[in-house]
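The structure appears right after this line, and notes come after that.
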Amino acid sequence: MSKLKIGLIGAGNIANVHLDAYTKNDNAEIVAICDINEKVLNKTADKFGIEKRYTSVSDMLSSEKL
């Protein structure tokens, strides 16, 4: 079974709850994250080791296979 590739929109407080749950799920792979606030985006992405970061939802959706 292939993993579900996750691209999260929004990197604020509730994102941490979702990302924590995804990291505990062996069937999920966090691929990318998006937020218009680069400071929040980078803080959350750094915390969870997410390399691919976007400030535009359309850019993330057109660039990633989610």
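The values are calculated or read from the model by the stated rules, or taken from the named source; none is laboratory data. All of these numbers come straight from a predicted model, not from anything done at the bench. All Cβ positions, glycine included, derive from the backbone under ideal geometry; neighbour counts span all protein chains shown. What goes into the accessible areas is simple: the full protein's heavy atoms, side chains included, and nothing from ligands, DNA or RNA. Shrake-Rupley method; radii C 1.70, N 1.55, O 1.52, S 1.80 Å.
Considering lysine pairs in the stretch 23-66 that are 8 or more places apart or on different chains, how many have Cα atoms under 19 Å apart?
5
Counting only the backbone N, which residues of the stretch 1-44 are under 16 Å from the spot 7 Å out from the Cα of LYS52 toward its beta-carbon?
Within reach of a label on LYS52, which here means backbone N under 16 Å from a point 7 Å along Cα→Cβ, the stretch 1-44 contributes 3-10, 28-35.
With the full set of protein chains in place, find how many percent of the accessible area of the chain is carbon and sulfur; take the probe as 1.4 Å.
Reported share for carbon and sulfur atoms: 50 percent.
Please work out the FRET efficiency for the pair LYS39 and HIS18, using the Cβ-Cβ distance as r and a Förster radius of 30 Å; give the result to the nearest 0.05.
Rounded to the nearest 0.05, the efficiency is 0.95.
Please give the charge dipole size of the chain, origin at the Cα centre, charges +1 on K and R Cβ atoms and -1 on D and E Cβ atoms. Round to the nearest 20 debye.
It works out to roughly 60 debye.
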